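The values are calculated or read from the model by the stated rules, or taken from the named source; none is laboratory data. All values derive from a computational prediction rather than experimental measurement. Methodologically, a virtual Cβ is constructed for each residue, glycine included, from the backbone with ideal geometry; neighbour enumeration extends over all protein chains shown.
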Amino acid sequence: MTETLDTPEKRRSALRTMVLIREFENHVRDRFADNEIPGFVHLSQGQEAVAVGVCTALSRDDYITSTHRAHGHSLAKGLEPDRLLAELYGKAEGHCGGRGGSMHVADLDEGMLGAQPIVGASVPLGTGAGITAQLSDADWMATAFCGDGSVAAGQVHEAINLAATWQLPVVFVVENNQYSEGMVFDEQHNVEDVAEMASAYGIPGEIVDGQDVTAVNETMRAARERALDGDGPTLIEAKTYRYRGHFEGDEQPYRSQEEVEDWRENRDPIDNYRERLAAAGELTDEEFEAIRTEVKAVMADAVEFARNADEPAPEAAYDDVFVEEAPEIDAFRERMAADGDNGGVGL
Amino acid sequence: MSAETADRETETLSMREAIRAALREELLADDDVFIMGQDEEDGGSFEVTAGLHDEFGFDRVRNTPISEAAQIGSGVGAAATGLRPVVNLSFADFIGVCFDQVMNQAGKTRYMFGGASEVPLTIRAIEGAGLNAAAQHSGTVHTLVAHLPGVKAVAPGTPAAAMGLMKSAVRSNDPVVFFENKTIYERHGDVPTGDDFTVPLGEASIEQAGEDVTVVATQRLLGESIAAARDVDASVEVIDPRSLYPLDTDTLADSLRKTGRLVVADESPLSYGLHAEIVTRVVENAFWSIDAPVQRVGVPDTPIPFAPSQEDEVVPDADDVRRAIQRTV
Ligand SMILES: Cc1ncc(C[n+]2csc(CCOP(=O)(O)OP(=O)(O)O)c2C)c(N)n1
Ligand SMILES: [Mg+2]
């Protein structure tokens, strides 16, 4: 990573990651519909260029924090599709051993500090990573993803203000997909653009076309450099759009099918980038098909992997509540092992 | 007189001094420890950390904006990425504005990520009535926190426990909320010297041995209970649980097996309080030893009123503990 997208190979690789996210979420959509994937899932299709544009500008050591809509960020940051999918299946081989599922994924080795489905919570988490970076004079920084709706939450304000006041090496990336669940942007905010809010914190606010991976990458690289130079946070508003409902199963009474089709037809981040690379003579149709074929194979393997992965042992439910276990948890674990049911279990 | 002070060299410290000394030792011992809170550079509320900013500087002891959610939330982020933050929440009543960060972030991060991260975060929270600070600055909320999965909670009643538990809290790789009662900062007691002294999380202390009645008492009410014990015609064992979660069930149940009588004195509101948990654990373990109805002493489910006459009415004291003891014998 830390790519400038300055060579055809890097550009094709960025395109491939976007295709991977799209394809990954096609599988999630279908396997969720089949009831193979339990729980709630929120797809990011349409927003791939934000995840990839941002994460290609980061180093492996940089941390990101994410939201309930975390698949794209996770894959772009380097998490493996097979283990990520296994996590969504609730399997032991998943990134979090099946404990987190779609909405709570972390892999600190890849710099994925955690998805936070409490709306807004990704932002103080990112600010906190920025404190560590600053106090330890690190050469890495933190990026907090959040949605347009989250900006109305108090903890987002507090965390951006804190990072700005302390000039922490953090970049806040607001993915403005224009909706929070069923509520359109204007219903929640009295500004035209989220980026305007940056001036309230005395930090730069940048608006970028979130459908343009190059533009996102360049904006993010500049913000990252600022952060690492000790010049503090930047707020980036990426204008984007989600194609699927808020969650799988959302009937979307709040928007028209024409609106969705318009974005898909005219502003699709993958189509646009593919055309741009083709026009520059960097990508033939065959090469694009080869990317698609390769990604489909990766995803077919990932699905097999996730399906065949082991269920976590039920008793592993007692692990990781604490690092230093509490006798209470140990006692409950032992009683469960002895009795096999938790009725009337005391301490 | 706790077990820790029995055969060691000790010095006399106040609760305030003990907490400050513990934090100072941890700042000296580990560069990853840092403190943040409102007015922390001037010692924070009740001047508990006075002098530490001067000694350690802004990187280690710093003021924050009035942003409790960001203080705790960023504390989780800093902890998960390698530091050991000590966040001063100041008045425990303020937990309302950052409860998400305590409940959903501090408490669940490690678990929901399958053990991917550790959250060595300490939160200081100042509780207790008695200063006519009224409803929003007098609460005792530790039951709320002790109830949360993934969070440990301590509430020491002696300087030795304060010193030893603060060091354990900062060294712990789990989130610990450290509750201080604001009315006992000047309570003095013997504290073992030497930086190897700690009190493990989850160990109660028998502060006064006795044969007839067990009084489990926290924080301010520990002192009130020891005073009450002098005024009753019974041999009273007074135990400071010190750590609320984990809770030292064995020490409490063992005492009950000996005395057969139980009073629980804690300043939480009575319903669904710490009292209930302690009683339950004792009943589960020592049911056949119980000789009298158990007694709870606490705040009778009201917010804390301002008027001194009303505050005195609802906040329990030694008299209430004495009457509770007498009801058991
Ligand atoms: C504190 C909190 N309130 C409400 C919700 C329910 N909720 C989940 S996602 C969401 C919408 C978030 O919108 P936005 O920040 O724009 O992100 P997007 O879904 O568009 O990615 C809401 C309201 C929640 N998870 N957490
Ligand atoms: Mg949105």
Helices (runs of 4 or more DSSP H) contained in segment B:222-329 and holding at least 2 residues within 28 Å of B:Pro200 (Cα to Cα): B:249-259, B:274-286
Report, by residue number, each residue of segment B:242-277 that is farther than 18 Å from B:Pro316 by Cα and under 18 Å from the mean Cα position of the chain (by Cα). B:Arg242, B:Ser243, B:Leu244, B:Tyr245, B:Pro246, B:Leu247, B:Asp248, B:Thr249, B:Thr251, B:Leu252, B:Glu277
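Just to verify a result, which residue in segment A:321-340, among those that are assigned to a helix (DSSP H, G or I) and in contact with a helix residue (DSSP H, G or I) (Cβ under 6 Å, 6 or more places away or on another chain), is farthest from B:Glu118 (Cα to Cα)? I'd like the intermediate steps shown before the answer.
Initial filter on segment A:321-340 (assigned to a helix (DSSP H, G or I)): A:327-339.
Subset that is in contact with a helix residue (DSSP H, G or I) (Cβ under 6 Å, 6 or more places away or on another chain): A:329, A:333.
Numbers: A:Ile329: 17, A:Arg333: 21 Å.
So the residue we want is A:Arg333.
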Can you tell me which residue within segment A:114-135, out of those that are within 7 Å of another protein chain (Cβ to nearest Cβ) and of a type in the set (Gly, Ala, Ser), is surrounded by the most Cβ atoms within 10 Å (Cβ to Cβ)? A:Gly128
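Every residue, every condition in (1) within 13 Å of ligand 1 (Cβ to nearest atom); (2) in contact with a helix residue (DSSP H, G or I) (Cβ under 7 Å, 6 or more places away or on another chain); (3) without any contact (Cβ under 8 Å) to a residue 24 or more places away in the chain, yes or no:
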{"residue": "A:Val173", "(1), (2), (3)": "yes, yes, no"}
{"residue": "A:Asn177", "(1), (2), (3)": "yes, no, no"}
{"residue": "A:Val184", "(1), (2), (3)": "yes, no, no"}
{"residue": "A:Ala195", "(1), (2), (3)": "no, no, no"}
{"residue": "A:Ile203", "(1), (2), (3)": "no, yes, no"}
Quick one: is A:Glu87 on the phi < 0 side of the Ramachandran plot, more than 9 Å from chain B (Cβ to nearest Cβ) and either surrounded by fewer than 24 Cβ atoms within 10 Å (Cβ to Cβ) or away from ligand 1 (no atom under 16 Å from the Cβ) (or both)? no
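Yes/no per residue for (1) under 20 Å from A:Gly114 (Cβ atoms); (2) within 16 Å of ligand 2 (Cβ to nearest atom); (3) surrounded by fewer than 24 Cβ atoms within 10 Å (Cβ to Cβ); (4) more than 14 Å from chain B (Cβ to nearest Cβ):
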site	(1), (2), (3), (4)
A:Ala138	yes, no, yes, no
A:Val156	yes, yes, no, no
A:Gln167	no, no, yes, no
A:Glu175	yes, yes, no, yes
A:Ser180	no, yes, yes, yes
A:His189	no, yes, yes, yes
A:Gly205	no, no, yes, yes
A:Thr214	no, no, yes, yes
How many residues are within 16 Å of ligand 2 (Cβ to nearest atom), more than 14 Å from chain B (Cβ to nearest Cβ) and of a type in the set (A, V, I, L, M) when one looks only at segment A:55-70? 0
Hits in segment A:93-106 (condition: more than 17 Å from B:Lys108 (Cα to Cα) and facing chain B (nearest Cβ under 9 Å)): A:Gly94
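What do you reckon, is A:Val171 of a type in the set (A, V, I, L, M, F, W, C), crowded, with 24+ Cβ neighbours inside 10 Å and assigned to a strand (DSSP E or B)?
On the way: of a type in the set (A, V, I, L, M, F, W, C): yes; crowded, with 24+ Cβ neighbours inside 10 Å: yes; assigned to a strand (DSSP E or B): yes.
Judged against the criteria, A:Val171 is a match.
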Take the residues in segment B:30-72 that are in contact with a Leu (Cβ under 6 Å, 6 or more places away or on another chain) and hydrophobic (A, V, I, L, M, F, W, C), then tell me which one is surrounded by the fewest Cβ atoms within 10 Å (Cβ to Cβ). B:Phe56
Report every pair of residues separated by at least 6 positions or lying on different chains whose Cβ atoms are under 6 Å apart, first residue within segment A:148-163 and β-branched (Val, Ile, Thr), second away from ligand 2 (no atom under 16 Å from the Cβ). A:Ile160/A:Tyr201
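Scan segment A:163-217 for residues that are charged (D, E, K, R) and in contact with a strand residue (DSSP E or B) (Cβ under 8 Å, 6 or more places away or on another chain) and jot them down. Spell out how you get there, then give the answer.
Restricting attention to segment A:163-217, the residues satisfying the condition of being charged (D, E, K, R) are A:175, A:181, A:186-187, A:192-193, A:196, A:206, A:209, A:212.
A:Glu175, A:Asp193, A:Glu196, A:Glu206, A:Asp209 - these are the residues of segment A:163-217 that are charged (D, E, K, R) and in contact with a strand residue (DSSP E or B) (Cβ under 8 Å, 6 or more places away or on another chain).
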Kindly check whether there is at least one residue in segment B:89-103 that is at the interface with chain A (Cβ under 7 Å from one of its Cβ atoms) and among the small types (Gly, Ala, Ser). no
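For segment B:97-207, which helices (runs of 4 or more DSSP H) that fit wholly inside it have 1 or more residues that are under 18 Å from the mean Cα position of the chain (by Cα)?
B:142-146, B:159-171
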Take the residues in segment B:149-203 that are surrounded by fewer than 20 Cβ atoms within 10 Å (Cβ to Cβ) and within 14 Å of chain A (Cβ to nearest Cβ); name whichever of them is nearest to B:Tyr245 (Cα to Cα). B:Pro149
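Give A:Asp82, A:Asp109 a once-over and let me know the one that is part of a helix (DSSP H, G or I) and more than 9 Å from chain B (Cβ to nearest Cβ). Walk me through it before giving the result.
On the way: A:Asp109 fails: more than 9 Å from chain B (Cβ to nearest Cβ).
The unique qualifying residue is A:Asp82.
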Hey, among the residues in segment B:204-238 that are more than 26 Å from B:Gly164 (Cα to Cα) and among the β-branched types (Val, Ile, Thr), which one's surrounded by the most Cβ atoms within 10 Å (Cβ to Cβ)? B:Val213
Could you list, in sequence order, all residues of segment A:140-154 that are assigned to a loop (DSSP other than H, G, I, E, B), within 16 Å of ligand 2 (Cβ to nearest atom) and not acidic (Asp, Glu)? A:Ala153
Quickly run through segment B:86-109 and pick out the residues that are within 16 Å of ligand 1 (Cβ to nearest atom) and either among the aromatic types (Phe, Trp, Tyr) or not assigned by TED's automatic domain parsing to the domain that holds B:Gly128 (or both). B:Phe99
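Take the residues in segment B:49-69 that are in a helix (DSSP H, G or I) and within 23 Å of the chain's Cα centre (by Cα); name whichever of them is farthest from B:Met112 (Cα to Cα).
To start, the set of residues in segment B:49-69 that are in a helix (DSSP H, G or I) comprises B:52-56, B:68-69.
Filter once more, keeping what is within 23 Å of the chain's Cα centre (by Cα): B:52, B:68-69.
Values: B:Leu52: 35, B:Glu68: 23, B:Ala69: 20 Å.
Ranking the qualifying residues of segment B:49-69, first place goes to B:Leu52.
Do we have A:Asp268 as surrounded by 14 or more Cβ atoms within 10 Å (Cβ to Cβ), away from ligand 1 (no atom under 16 Å from the Cβ), more than 30 Å from A:Asp137 (Cβ to Cβ) and more than 14 Å from every other protein chain (Cβ to nearest Cβ) here? Let's see the steps before the verdict.
Details: surrounded by 14 or more Cβ atoms within 10 Å (Cβ to Cβ): yes; away from ligand 1 (no atom under 16 Å from the Cβ): yes; more than 30 Å from A:Asp137 (Cβ to Cβ): yes; more than 14 Å from every other protein chain (Cβ to nearest Cβ): yes.
Yes: the conditions hold for A:Asp268.
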Filtering segment A:288-319 down to residues that are more than 21 Å from A:Glu80 (Cβ to Cβ) and touching a helix residue (DSSP H, G or I) at 6+ places or on another chain (Cβ under 7 Å) yields A:Phe288, A:Glu315, A:Tyr318
Residues of segment A:226-244 that turn out to be closer than 13 Å to A:Thr143 by Cβ, away from ligand 1 (no atom under 14 Å from the Cβ) and either surrounded by 23 or more Cβ atoms within 10 Å (Cβ to Cβ) or not hydrophobic (A, V, I, L, M, F, W, C) (or both), as a count: 6
The lone condition A:Ile160 fails out of (1) surrounded by 24 or more Cβ atoms within 10 Å (Cβ to Cβ); (2) at the interface with chain B (Cβ under 8 Å from one of its Cβ atoms) is (2)
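Take A:Leu125 and decide whether it is part of a helix (DSSP H, G or I), within 15 Å of ligand 1 (Cβ to nearest atom) and out of contact with any Lys or Arg (no Cβ under 8 Å at 6 or more places or on another chain).
On the way: part of a helix (DSSP H, G or I): yes; within 15 Å of ligand 1 (Cβ to nearest atom): yes; out of contact with any Lys or Arg (no Cβ under 8 Å at 6 or more places or on another chain): yes.
Criteria met by A:Leu125.
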Would you confirm whether or not segment A:287-309 contains a residue that is within 14 Å of chain B (Cβ to nearest Cβ) and of a type outside the set (S, T, N, Q)? yes
